[in-house]
Every structure is written in structure tokens, then in C-alpha cells.
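Below: the structure, in C-alpha cells.
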Amino acid sequence: MAARTIASAPVVIAVANTGELIRHGGELFKIREEGILDFFRTMEIQSSAAAVENLLLAAASLGLASVWWEYSF
């Protein structure tokens, strides 16, 4: 069902986590602690989620229908 919905949509916006923050966060912020990868993974996911929420709010303000669909590898 989701594939048909996506295929029939006039516009599809995909937001993807690249993993760059996870890989380089400790270097960028000079942090060397145990569990730092989990911290930056969570931060990357939360940042993407906030961006998607803002996209959905913007679409709603324009009177457009939108849906949050998550795909995990």
C-alpha cells in the first residue's frame, strides 16, 4: 500500500541520515567518551525528525496533504 501511495504522489521528499555526524561527531566536538556514537546517532535521528516535522507543518499551512513514512534498513 505504501509503495502505491508514494508512486502516485506528485511530489516525494526523502530525508536521509548520512551517518556523518555519527562518524565524525567526536572529532568535530572534541569529545572522547564511551557511548559517544550512540549520542551522535540519537542527535542525528532527532535532527532529521525535526526537519520532517517542519516540512509536514509547512505542507499543512499550504493546505497540502502529507504523510510521515519511515523506512529503516
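The values are calculated or read from the model by the stated rules, or taken from the named source; none is laboratory data. In this text, all values refer to a predicted model and were calculated from it rather than measured experimentally. We place every Cβ from the backbone using ideal geometry, glycine too, and count neighbours over all the protein chains shown.
Observations on the model:
- The single condition among (1) modelled with pLDDT under 85; (2) touching a helix residue (DSSP H, G or I) at 6+ places or on another chain (Cβ under 8 Å); (3) farther than 17 Å from residue 9 by Cα that residue 38 does not meet is (2).
- When residues in the stretch 1-47 are screened for being surrounded by 10 or more Cβ atoms within 10 Å (Cβ to Cβ), among the basic types (Lys, Arg) and closer than 20 Å to residue 70 by Cα, 1 of them pass.
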